[in-house]
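Following: one structure in structure tokens, then a few remarks.
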Amino acid sequence: PLFSTFVLTMNHRFNPVKRWATLEMAAQRVRSEIYRYRTRVGQYSQQMNVRLKSLMRQAPGSRKPGDTGAQDSSINIELPARELFAQALTDLESEVRGSEIKTGSLSRPSEAVVE
């Protein structure tokens, strides 16, 4: 009884199946972001950035008093695709680390182990 209690406690505490599922889902999302970035679709497409710029120009309150509506070259809300990609991966990492994975052993191994 003592051994089975120990095993059940460890299984409940570390829940390897749920952790595996969480990490597998994160891996699939990373793969999806990589494909979107490399094919320049979705938020990485230039058409999306052009639409966003035009919406920002048309947004109420975005014009200053006395503005004639001419295009302002100082408006630069377009982020490079690489920065968008890095931000998406950072958000995904934060999301994964905020889940039950944080109680596990996802810490960086020591340098002696890596070498």
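The values are calculated or read from the model by the stated rules, or taken from the named source; none is laboratory data. Note that the structure is predicted; figures quoted are calculated from it, not measured. Here the Cβ positions follow ideal geometry from the backbone for every residue, glycine too, while neighbour counts run over all protein chains shown. These accessible areas exclude ligands, DNA and RNA; they are computed on the full protein's heavy atoms, side chains included. Shrake-Rupley method; radii C 1.70, N 1.55, O 1.52, S 1.80 Å.
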| request: Give me a count of the residues in the stretch 1-33 that are without any contact (Cβ under 8 Å) to a residue 12 or more places away in the chain and of a type in the set (Val, Ile, Thr). | output: 4
| message | For the stretch 6-39, give me each residue that is modelled with pLDDT of 90 or more, open to solvent by 70 Å² or more (accessible area, probe 1.4 Å) and either of a type in the set (A, V, I, L, M, F, W, C) or in contact with a helix residue (DSSP H, G or I) (Cβ under 8 Å, 6 or more places away or on another chain) (or both). | response | Met25, Arg29, Arg36
